[in-house]
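Below is one structure, written out as structure tokens; the observations come after it.
The values are calculated or read from the model by the stated rules, or taken from the named source; none is laboratory data. All of these numbers come straight from a predicted model, not from anything done at the bench. Cβ placement follows ideal geometry from the backbone for every residue including glycine, while neighbour counts extend to all protein chains displayed.
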Amino acid sequence: MPSPTSRSRRAAWTALALSATLGFLPASPAHAEGSGTVPKARTPIQEYGKLHVCGTQLCSESGKAVQLRGMSTHGTQWYPDCLTGAALDAVAYDWKASVLRVSTYAREGGYRADPKKYTELASKLVDMATARGMYVIVDWHTIHPGDPHQDLANARAFFKQIAEKHKNKTNVIYEIANEPHHVSWPVIKDYAKQIIPVIRSRVPSSVILVPTRGWATFGLAEATNEKIVVADPLPDKNVMYTFHFYATAGREQFLKLLDRASDKLPIFVTEWAVASWNGWGTDYAMAQKFTDVMAKKKIGWTNWSLSDNHKDLSVFKKGICSTGKFAGTGVLSPNGVWVRNQIRG
């Protein structure tokens with residue numbers, strides 16, 4: 001996802017658019033930061049247990065296909081007021097989200113600027129989401145440069161610390177890179193083969209999410225498709241492949257690819273929005289087509305993003321997070337109201 005400023009994938013997306021249990025659970029959430037009352041329903045972690053990949057599905061500990069639905073943070077260096085205990089209470093207990101994606105930017109003022117700070121912040125958010133019974137996707141949010149090898153050493157250090165810290169939790173999912181672009185699938189696959197062992201040496205059976213080329217579009221944003229991944233997948237039974245879409249860009253082409261590829265590969269949609277990738281414009285009808293397909297095929301997803309900026313893709317009204325009030329729908333943007341309903345199912 002772009003920073004609050006800009007992103008050079010504009011040309012590719014524009015052209016395309018035009019062409020187209022953890023080991024513990026607290027007795028009460030009151031033990032967690034900013035928690036409210038005890039939820040009566042079983043939490044997602046209690047309901048599904050340790051997840052694994054079975055065939056093309058994400059499955060519960062008992063082997064039943066499950067669909068996780070939830071939110072992605074924006075870059076954790078931005079919108080800190082939207083990442084409080086009260087905010088996560090709303091997402092977990094009111095929205096009934098089963099997953100939180102924690103996006104640690106490799107650059108753009110994130111990890112590279114202060115590795116200790118952003119590793120500890122990611123770890124804290126893992127603990128906060130866990131205490132509320134949610135699964136957590138730890139996202140190493142690479143954007144530029146397009147080759148994830150450029151941040152390989154930092155990625156190794158980050159995942160080594162996160163996996164070691166949370167090795168006794170069974171609700172943590174690892175997304176090893178965000179959106180590679182202008183690199184081939186063999187390049188991405190080589191990167192995955194270097195990062196996955198860092199995680200597997202500490203949490204051998206965790207689910208790991210691997211990006212696809214062309215900004216996690218299976219190459220569709222770069223005029224190719226999923227066939228090369230289908231023909232040459234990673235030799236790991238607990239791997240899923242990520243797919244990203246923005247409802248106003250790509251549209252039917254992206255929907256058809258997701259539907260087609262998910263018949264052959266396990267896919268998790270770790271980033272999508274009703275708006276365009278640049279944050280503006282909405283297409284709820286198109287977004288509904290995507291969410292319908294994902295519901296039918298039990299494809300997990302996290303929506304972008306848990307923020308309160310002025311753009312259409314933020315789920316909170318501008319500036320609302322500084323008030324510390326997150327309950328109900330009055331604090332939500334029109335997009336937030338719609339996304340909340342989709343999460344609640």
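Here are some notes:
- Qualifying residues in region 61-85 (those that are closer than 18 Å to H141 by Cα and among the aliphatic types (A, V, I, L, M)) - the one surrounded by the fewest Cβ atoms within 10 Å (Cβ to Cβ): L83
- Criterion violated by E271 - all others in (1) out of contact with any Asp or Glu (no Cβ under 7 Å at 6 or more places or on another chain); (2) among the charged types (D, E, K, R); (3) surrounded by fewer than 23 Cβ atoms within 10 Å (Cβ to Cβ) satisfied: (3)
- The residues of region 266-287 that are farther than 14 Å from G336 by Cα and at pLDDT 95 or above, listed by number, are P266, I267, F268, V269, T270, E271, A285, M286.
- Scanning region 287-316 for residues that are among the hydrophobic types (A, V, I, L, M, F, W, C) and surrounded by fewer than 20 Cβ atoms within 10 Å (Cβ to Cβ) turns up V293, A295.
- Filter pass, N178 being among the polar types (S, T, N, Q), modelled with pLDDT of 95 or more and more than 25 Å from A231 (Cβ to Cβ): no
- V337 of a type in the set (A, V, I, L, M, F, W, C) and surrounded by 16 or more Cβ atoms within 10 Å (Cβ to Cβ): no
- Candidates A247, A216: the one that is within 23 Å of N154 (Cβ to Cβ) and surrounded by 23 or more Cβ atoms within 10 Å (Cβ to Cβ) is A216.
- With respect to the conditions (1) touching a His at 6+ places or on another chain (Cβ under 7 Å); (2) part of a helix (DSSP H, G or I), F290 lacks only one, and its number is (1).
- If you filter region 253-291 down to residues that are within 17 Å of V315 (Cβ to Cβ) and among the small types (G, A, S), you find that the one that is nearest to the chain's Cα centre (by Cα) is A273.
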